[in-house]
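The values are calculated or read from the model by the stated rules, or taken from the named source; none is laboratory data. Just so we're clear, the structure is a prediction, and the values are computed from it rather than from any experiment. Because the Cβ atoms are built from the backbone with ideal geometry, glycine has one as well, and the counts that use them run over all protein chains shown.
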Amino acid sequence: MTGFCTVIKSSFRIVNYELILPHGLPTRIGLCPDGRPAGNGLRAAEATAALFNRLHPYIIGVVSLTLFPEAPLAADVAAGRFVEAGERERLEELRAFIAALTVPATLMGHTVSNTVPLLGRLPEDRARLLRELDDALARFDESDLAAYRRGIVHL
């Protein structure tokens, strides 16, 4: 993210998806219900997919929030004003998001911030992408995935 935050209907905060709309300009968007990712992953996935299904993006880039100690949001986490979603919840959210997308698009989620790198075309690769997420959820527990995130030193 480049640091902006936009409010939609005052209850959703833009956080973590990137898309390229038909006009060709990159747009970053992701819905986080009530500005608190923890516990809202499935709701966020459904809302974001519904919006994207209306926008018809060509490319959807998926990144996962990675906080570094010097980030302003890290102070909000320390103070309890922002609660990050756990790693498994993030994967479950991403799975629900991909499952709910009905528009053809290229999904690009192969950045270091994603514990499971994904790259594919929807709808053609949907089953494979969902299987990769299911495999990771079956194979790794929260501590394994959190250890990966803690090991990220820069994006």
### Query
When you go through (1) farther than 19 Å from Ala49 by Cβ; (2) modelled with pLDDT of 95 or more one by one for Arg81, which number turns out not to apply?
(2)
### Message
Within region 31-40, does at least one residue satisfy the condition of being buried (at least 17 other Cβ atoms within 10 Å of the Cβ) and at pLDDT 80 or above?
### Response
no
### Summary
Residues of region 101-138 being exposed (fewer than 15 other Cβ atoms within 10 Å of the Cβ) and farther than 22 Å from Glu84 by Cβ, in sequence order, are Thr102, Pro104, Leu119, Arg121, Pro123, Glu124, Ala127, Arg128, Arg131, Asp134, Asp135, Ala138
### Message
I'd like to know if region 89-100 contains one or more residues that are of a type in the set (A, V, I, L, M, F, W, C), outside any helix (DSSP H, G or I) and surrounded by 15 or more Cβ atoms within 10 Å (Cβ to Cβ).
### Response
no
### Task
Could you tell me which numbered condition Arg43 fails, if it satisfies all but one of (1) at pLDDT below 85; (2) in a helix (DSSP H, G or I); (3) touching a Leu at 6+ places or on another chain (Cβ under 8 Å)?
(3)
### Task
Write out, first by first residue and then by second, each pair whose Cβ atoms fall under 8 Å of each other, whose residues are 6+ apart or on separate chains, and whose first residue, in region 120-140, is under 13 Å from Leu107 (Cβ atoms) while the second is small (Gly, Ala, Ser).
Arg121/Ala105; Leu122/Ala105; Arg126/Ala99; Arg126/Gly120; Arg128/Gly120; Leu129/Gly120; Leu130/Ala99
### Message
Need the failing condition index for Val116 against (1) among the aliphatic types (A, V, I, L, M); (2) under 15 Å from the mean Cα position of the chain (by Cα); (3) not in a loop (DSSP other than H, G, I, E, B), just the number.
### Response
(3)
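Taking the options Leu101, Leu107, name whichever one is in contact with a Gly (Cβ under 6 Å, 6 or more places away or on another chain) and farther than 19 Å from Ile152 by Cβ.
Numbers: Leu101 fails: in contact with a Gly (Cβ under 6 Å, 6 or more places away or on another chain).
It is Leu107.
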